[in-house]
Amino acid sequence: MSPQRCAVAGVGMSKFQTKRDDLDLVGLYQEGAVLALADAGLDMADIDMVVLAQSPDALHGIGHPEQTAAGALGLHGKPLMRVNTGGATGASAVQAGWWAVASGRSQACLVLGAEKMGDATRGAQEVLNKIWDAAYEAALPLNTIVMCAMQAIRYMDRYGATEEHFALSAARMRTEGARNEYAHLRTPMTVDAVLATPYLAYPTRLGMACPRTTGACAMVLVSEEVARRLSAPLAWVRGFAARANTYFMGDKMGDCGPNDHGLYHDLHLAAASAYAMAGITRPAEQLRLVEPYIPFSVMEPGELEALGVCGPGEAPKLAEIGHFDHDGPMPCCPSGGVLCANPISVSAMARVAEAAQQVRQRCGAHQVDGVHTALGAGAGGSVQFFTVGIFSTAPDEPCRRYP
């Protein structure tokens, strides 16, 4: 049995910000759902399944929000599943929704999630500081910032990248985010301004790091039969794949070949699998833009190279000549990316949603010209979970850069 074709028919996003005192977490679910359903021209009666993207309860301070979400979304007699893969959660949830539609189990699936990190009693950063094995790795001491800084140092040693390259990426994304009405951080920064901010963990500076964000995101995924009845613009799912790696960073250091902590090997494997589904053999030529998961700009070069949009060690030099700019050959995070909004439960969903919205020509001031095929990706856990989704204007034509 061939997979059922699946399209994104609706997307809804909050305007991301530090806190929302007007809505609780379930209220944010409802906000995202209403926006996405209106965009698709559907209502909850048309939805036959919901996938909830939600990070661990400690981050938002609410126990088992899926229990109240089911009633608040009117899901009496309909299935709901909750997904969590750390920072990759949002993209993993969309992948689960795609599986449901592609398998024929769902004709219209609502994927949604929300984040209220500012509501956690002890603070999100304190929670994130305690996710590693105390006996094995906590003595470093580790947190998400240090983890990614260690990757950057390994990349710098391998390819000669500099702090200035990471600052250039940060300045570009902050400038892009200023055009995105949904972004949390909307103040442009120059390279010098980024380099003037204090270190968090060398080589990562404050200006290279994401904020703590509140907000919702939702997507409506439908079968071809339903899609053909809708007037909403469509982004067809052409490929979706995920890979996982070890939780222990020490196992990715030393003589470990391609599975080095600085190389994002499992992102490369996930992308290769998604490319095979989509018929993409030359990603640098066939993709029009990419929205990878980059909460710290030091991650950008390694991720772009793992995605195959440039060769090993090439990303820093290409960034110097504007290759990844909004008007460049391969825009990277024209939305401003996770660097400009990081509601952890849905940060990765926003990446695939942005890719789909670019294909649907729904990105307003940060719309890129001539988008035919776009990629969104999530990363999570101890940089161990990676999910890649590819979207196109056509369900089966060869993927190409321009229509």
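The values are calculated or read from the model by the stated rules, or taken from the named source; none is laboratory data. All of these numbers come straight from a predicted model, not from anything done at the bench. Virtual Cβ from ideal backbone geometry, glycine too; neighbours counted across all protein chains shown.
Here are the numbers:
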{"read-out": "Among the candidates Ala7, Ala93, residue that is in a strand (DSSP E or B), more than 23 Å from Gly177 (Cβ to Cβ) and of a type outside the set (D, E, K, R)", "value": "Ala7"}
{"read-out": "Selection within segment 58-90 - among the hydroxyl-bearing types (Ser, Thr, Tyr) and outside any helix (DSSP H, G or I)", "value": "Thr85"}
{"read-out": "Test: Gly87 is of a type outside the set (A, V, I, L, M), closer than 21 Å to Ala356 by Cα and at pLDDT 95 or above", "value": "no"}
{"read-out": "Residue, nearest to Cys399 (Cα to Cα), within segment 341-371, restricted to residues that are part of a loop (DSSP other than H, G, I, E, B) and in contact with a strand residue (DSSP E or B) (Cβ under 8 Å, 6 or more places away or on another chain)", "value": "Val371"}
{"read-out": "Unique match (being over 30 Å from Gln30 (Cβ atoms), in contact (Cβ under 8 Å) with a residue 24 or more places away in the chain and assigned to a strand (DSSP E or B)) among Gly302, Gly239, Gly313", "value": "Gly239"}
{"read-out": "Candidates Ala276, Ala284, Ala315 - the one that is at pLDDT 95 or above and touching a Pro at 6+ places or on another chain (Cβ under 7 Å)", "value": "Ala315"}
{"read-out": "Qualifying residues in segment 211-227 (those that are at pLDDT 95 or above and outside any strand (DSSP E or B)) - the one farthest from the chain's Cα centre (by Cα)", "value": "Glu225"}
{"read-out": "Selection status of Leu230, modelled with pLDDT of 95 or more, surrounded by fewer than 20 Cβ atoms within 10 Å (Cβ to Cβ), of a type outside the set (Asp, Glu) and in contact with a helix residue (DSSP H, G or I) (Cβ under 8 Å, 6 or more places away or on another chain)", "value": "yes"}
{"read-out": "Boolean, Ala36 is under 21 Å from Gly378 (Cβ atoms) and part of a helix (DSSP H, G or I)", "value": "yes"}
{"read-out": "Positions within segment 290-301 being over 12 Å from His165 (Cα atoms) and not charged (D, E, K, R), in sequence order", "value": "Val290, Pro292, Tyr293, Ile294, Pro295, Phe296"}
{"read-out": "Residue match in segment 107-119 (condition: under 24 Å from Ile47 (Cα atoms), at pLDDT 90 or above and assigned to a loop (DSSP other than H, G, I, E, B))", "value": "yes"}
{"read-out": "Matching residues in segment 371-397 - criterion: being touching a Leu at 6+ places or on another chain (Cβ under 6 Å) and either aliphatic (A, V, I, L, M) or more than 15 Å from Ile280 (Cα to Cα) (or both)", "value": "Ala374, Leu375, Phe386, Ile390"}
{"read-out": "Residues of segment 146-188 classified as in a helix (DSSP H, G or I) and basic (Lys, Arg), total", "value": "4"}
{"read-out": "All positions within segment 296-318 that are surrounded by fewer than 24 Cβ atoms within 10 Å (Cβ to Cβ) and over 14 Å from Gly376 (Cα atoms)", "value": "Glu305, Cys310, Gly311, Pro312, Gly313, Glu314, Pro316, Lys317, Leu318"}
{"read-out": "Members of segment 233-273 found to be under 12 Å from Gln384 (Cα atoms) and polar (S, T, N, Q), listed by number", "value": "Asn245, Thr246, Asn259"}
{"read-out": "Any hit, segment 246-256, residues being crowded, with 16+ Cβ neighbours inside 10 Å, under 25 Å from Arg400 (Cβ atoms) and free of Cβ contacts under 8 Å to residues at least 60 places away in the same chain", "value": "no"}
{"read-out": "Single unsatisfied condition, Leu25 versus (1) over 21 Å from Gly71 (Cβ atoms); (2) at pLDDT below 95; (3) under 21 Å from the mean Cα position of the chain (by Cα)", "value": "(1)"}
{"read-out": "Some residue of segment 318-340 being farther than 15 Å from Glu176 by Cβ, in a loop (DSSP other than H, G, I, E, B) and either in contact with a Ser or Thr (Cβ under 6 Å, 6 or more places away or on another chain) or among the small types (Gly, Ala, Ser) (or both)", "value": "no"}
